[in-house]
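One structure is given below, represented as structure tokens, and several questions about it will come after.
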Ligand code: AP5
């Protein structure tokens, strides 16, 4: 059982890589961004509240995301390990998460910290689109579908872009990331959990590196 955090700036490839690693390891991925986007789509109470924060690139209040994580992480399928993508986002979320995990008799084993420059991230985000049916992530510059307008994964021809992938919101997301990441990195470095990942490498090369690191924990794997 291995419990992993993916952290890094917007567009650094967390979603792409966490989906691949989760499939490889047969463990669930919990993406707070993904859960929040579903709530917005459903126009639930959480979604209505979160929408403006997300579209303007600000963090949704801690208590909302902490509740999402608490509910999800205590479900049975997380007992065999999990990946958390995009949570925690600041030191206070990290401290609450540590306490939550302790109360559930769990702990984090690895934190992958994706590193890339803002300019590359802006380009990646401007080219991003995803399959409306299965959520597979593509990029018009770096990772197009193999067949034009057909999802590689589920063959759907419906695609969408994220409302928060506009230049203004992305700049704000990057600013928020730079304001909060340092404390988070220090927290996990201090606990010897942090692995820096060069997010500028190719998708397969990063996947290979993540698997290599995870395999250092043979007693933790299923
Ligand atoms: P969230 O959904 O977490 O967005 P994010 O952190 O801004 O990250 P992204 O999803 O934009 O990027 P990614 O790193 O997953 O990159 P991807 O793999 O798609 O959060 C959205 C919002 O929700 C937040 O702004 C906030 O409001 C709220 N929220 C979420 N969590 C919260 C929390 N804990 N607390 C408070 N609020 C929270 O890749 C990007 C593109 O690049 C894709 O097109 C992909 O195909 C391409 N690509 C990926 N890897 C490579 C590569 N190696 N080479 C070339 N292209 C690549």
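Return, for the Cα atoms of segment 116-180, the radius of gyration and Dmax in Å, separated by a comma.
Gyration radius and largest Cα-Cα distance of segment 116-180: 13.3, 40 Å.
For q values of 0.11, 0.22 Å⁻¹, compute log₁₀ I(q)/I(0) with the Debye formula on a Cα-only model of segment 47-158, without solvent.
Log10 I(q)/I(0), no solvent term: -0.54, -1.20.
Let me ask something else about it. Using only helices, what value at 222 nm comes out for the chain when you add -39,500 (n - 2.57) per DSSP H run of length 4 or more and divide by the total residues, to the nearest 500 deg cm²/dmol? Present the calculation step by step, with values, prior to reporting the outcome.
Values: 8 runs with 104 residues, N = 222.
Theoretical 222 nm ellipticity from helices: -15000 deg cm²/dmol.
Same structure, new question: For segment 98-157 and segment 78-93, compute the distance between their C-alpha centroids and round to whole Å.
The distance from the Cα centre of segment 98-157 to that of segment 78-93 comes to 16 Å.
Just subtract the alpha-carbon distance of residue 115 and residue 220 from 0.36 nm times their residue separation and send over the number in nm, one decimal. Working shown, then result.
On the way: separation 105, 0.36 × 105 = 37.80 nm, distance 2.58 nm.
Computed gain between residue 115 and residue 220 is 35.2 nm.
Another one. Give, in whole angstrom and from largest to smallest, the semi-axes √(5λ) of the equivalent ellipsoid of segment 1-84, with λ running over the eigenvalues of the Cα gyration tensor.
Working: eigenvalues 107, 48, 22 Å².
Whole-Å semi-axes of the equivalent ellipsoid: 23, 16, 11.
Let me ask another. Where in segment 62-97 does the label zone of residue 45 land, with the point 7 angstrom along Cα→C-beta and an amide N cut-off under 12 Å?
Of the residues in segment 62-97, none has backbone N under 12 Å from the label point off residue 45.
Next question, about the same structure. Using only C-alpha atoms and all pairs of different ones, pull out the Kirkwood radius for the chain in Å with one decimal. Don't jump to the answer; show the numbers that get you there.
Details: mean 1/r = 0.0557 Å⁻¹.
Value: 18.0 Å, from the Cα pair sum.
Something else about it: Give me the three principal axis extents of segment 147-222 from the C-alpha atoms, as integers in angstrom, largest value leading.
That gives 44, 36, 22 Å along the principal axes, largest extent first.
With labels modelled as points extended 7 Å from the Cα through the Cβ direction, what inter-label distance (nm, one decimal) is found for residue 53 paired with residue 99?
So the two model labels end up 1.8 nm from each other.
Using a Förster radius of 25 Å, what is the FRET efficiency between residue 209 and residue 91 based on their Cβ-Cβ separation? Nearest 0.05, please. Before the final figure, lay out each step's value.
On the way: r = 27 Å, r/R0 = 1.06.
FRET efficiency, residue 209 to residue 91: 0.40.
Okay, moving on. For segment 79-222, what is the relative contact order in percent, using Cα pairs closer than 8 Å and at least 6 residues apart in sequence?
Once divided by the residue count of segment 79-222, the mean separation gives 30 percent.
Based on other C-beta atoms within 10 Å, arrange 38, 216 from fewest to most. Mind dumping the intermediate values first?
Values: 38 14, 216 10.
Ordered by Cβ neighbours within 10 Å, fewest first: 216, 38.
Okay, next question. Could you tell me the extents of segment 178-222's C-alpha atoms along the three principal axes, largest first, rounded to whole Å?
Per principal axis, max minus min of the Cα coordinates gives 34, 28, 12 Å.
Rule-based calculations on the coordinates, nothing more; no lab input. Note that the structure is a prediction, hence the values are computed from the model and not measured. FYI the Cβ positions are ideal-geometry reconstructions off the backbone, even for glycines, and counts take in every protein chain you see.
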